[in-house]
Amino acid sequence: MTPAAGGTDPAVTAAEELAADLLAAADARRGRAERSRSARVSRLMSSPEGLSLILALTDEVLRIHEPRRAAAVLAELAREHQQAGALGLLDRLALGVGGRLAPLIPQAVVPAVRQRVRSEMAGVILPSGRRRLAHHIARRSRRGIHLNVNVLGEAILGEDEAEQRLRRVLAVLAQPTVDYVSVKVSSICSQLDVLCFDREVERVAARLRRLYAAANSYRPAKFVNLDMEEYRDLELTLAVFRSLLDEPGFGSTAGGIVLQAYLPDSLPALEELCAWARHRRDRTGGWVKVRLVKGANLAMEHVDAEIHGWPAAPFLTKDETDANYKRMLDVLLDPANDGAVRAGVATHNLFEVAWAVIQADRRHARHRLEIEMLEGMAPAVADAAAERLGGLLLYVPIVGRGDLESAIAYLVRRLDENSGPDNFLTHSFSLAVGGPTWAAEAARFRRAVEARHQPAVPTRRVQNRAADPGRAAAGPTFTNEPDTDFSIAANREWVTRHLEAFRRAGVPYYRPGIAGHVVEDDTTSVAGIDPSATTSGAAGGD
């Protein structure tokens with residue numbers, strides 16, 4: 001087994017030994033089909049050319065509905081990648097033949113390509129049909145694996161779409177074999193506007209009440225988890241979560257929420273959430289679960305920040321994220337949170353899995369720790385972890401038969417997330433205990449264990465318009481003034497004070513209303529925030 005650096009921390013040694021045991025157990029479970037698929041995926045994910053081909057195939061060819069246009073794009077891709085070393089011999093031949101035939105018989109070739117992609121996605125994204133989903137849940141249950149079901153769909157643009165999505169989630173929840181679902185607030189409410197913070201909290205809560213009430217109507221009650229992807233949804237989702245579970249009808253309801261370790265803001269948010277949860281436990285006996293992830297929206301966070309002139313919200317380096325992940329785990333496993341907070345450690349990194357288990361055992365908190373992974377990403381690892389650790393939760397995305405676009409969007413995001421050079425899953429398909437890649441991952445793990453004791457920046461978004469109204473700096477090169485970031489509570493309060501001054505002076509103005517309606521010359525508080533309220537009050541305090 002790989003020893004800990006210097007042998008000074010027995011917990012590090014124990015975690016590395018457990019990680020090696022899990023890898024050996026997974027290797028022993030991999031059959032020929034999974035080994036072949038793992039080798040194919042490893043070649044694609046480790047090659048920029050291979051990843052470029054897969055992204056172009058899924059994000060371009062399969063999104064084009066007109067067969068002749070799709071065939072033209074496929075033919076061009078085949079010409080560009082006909083010698084792609086990331087592809088195996090059969091895949092290169094298939095791509096070459098398909099590229100030549102596609103312009104001639106697009107009605108035959110393009111559906112065949114779609115079917116091939118569907119077959120590759122089959123283990124990662126499940127069909128939403130009741131019978132097939134029930135069969136899969138039963139098969140997983142026999143292996144000690146529980147499922148967290150997420151209904152995929154395109155971005156919500158209107159309230160009709162939001163209502164339809166909520167009804168789909170309710171329909172899935174109603175299936176007898178489903179007892180755990182995940183949903184994002186942005187998938188059941190359209191056009192969220194953090195400037196109307198309190199109004200948006202109530203609007204989202206009204207929609208979620210239906211889902212929580214439905215979950216509580218079953219015996220035993222089913223579980224609802226609030227997902228989160230974008231930084232701008234962090235404070236709003238937390239406020240909705242706390243507000244709803246503080247209501248008399250949901251005081252003892254168990255609920256879950258996701259926090260992303262690659263956001264510095266998640267650590268102080270978690271500390272505040274745990275304090276609230278302990279108070280709630282003492283009042284009602286209710287508990288909550290925090291699903292701890294590293295984050296899967298890095299590319300879009302950078303794009304959004306660049307468009308608006310802000311610093312990207314996530315940490316700048318993978319090492320910082322890894323250290324913060326362990327800081328947050330320390331908070332979750334604090335004995336003071338017993339009976340109030342449970343931890344879902346979502347990761348495919350075997351060092352992280354092992355560290356969480358060792359730390360939970362040392363703190364007598366194993367009963368409130370659940371290891372979580374993604375369906376289809378590493379089946380042998382999931383099976384080995386379930387058997388070795390006494391259970392596992394798999395996050396399972398489902399789509400309707402005709403909703404290929406949503407499946408593609410999910411797949412592209414997962415490919416982007418898991419193909420980074422620093423991502424554990426990128427190397428896991430060819431990982432061997434004692435090998436150079438294993439040694440590099442072990443070294444990264446030890447650095448994070450040590451760095452978790454160092455203080456982290458509380459946020460990378462520090463804009464405060466009250467202190468600095470913002471002015472474009474004079475100079476030889478023109479630079480846009482960054483947009484005001486209204487996901488920051490201080491900026492919402494700043495603009496509210498200014499608009500309240502107009503209201504008191506009797507000057508008409510427009511303010512956003514619920515569901516996109518515009519209200520003129522209203523005498524109520526702008527943005528749904530009382531100017532005298534504190535930041536914590538605006539965010540939905542205890």
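Summary table
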{"quantity": "Most to least accessible of 140, 207, 132 (protein chains only, probe 1.4 Å)", "calculated": "132, 207, 140"}
{"quantity": "Separation in nanometres of the label points that stand 7 Å from Cα toward Cβ, at residue 432 and residue 55", "calculated": "3.1 nm"}
{"quantity": "Extension gain (nm, one decimal) between residue 319 and residue 284, 0.36 nm per residue minus Cα-Cα", "calculated": "8.7 nm"}
{"quantity": "Residue 63-residue 252 pseudo-label distance in nm [points 7 Å out on the Cα-to-Cβ vector]", "calculated": "4.9 nm"}
{"quantity": "Cβ charges +1 (Lys, Arg) and -1 (Asp, Glu), total dipole of the stretch 227-271, debye", "calculated": "100 debye"}
{"quantity": "For the stretch 291-415, size of Cβ-based charge dipole, Lys and Arg +1, Asp and Glu -1, in debye", "calculated": "300 debye"}
{"quantity": "Net length gained if the chain between residue 466 and residue 308 were fully extended (0.36 nm per residue, minus Cα distance)", "calculated": "55.0 nm"}
{"quantity": "Residue 478-residue 504 FRET efficiency (beta carbon distance; Förster radius 56 Å; 0.05 resolution)", "calculated": "0.90"}
{"quantity": "Partners for residue 326 among lysines (Cα-Cα distance below 27 Å; same-chain residues under 8 apart left out)", "calculated": "184, 289, 294, 318"}
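The values are calculated or read from the model by the stated rules, or taken from the named source; none is laboratory data. For clarity, every value in this text was computed on a predicted model and none was experimentally measured. FYI the Cβ positions are ideal-geometry reconstructions off the backbone, even for glycines, and counts take in every protein chain you see. For the accessible areas, the whole protein counts, side chains as well, though only heavy atoms, and no ligand, DNA or RNA atoms are used. Shrake-Rupley method; radii C 1.70, N 1.55, O 1.52, S 1.80 Å.
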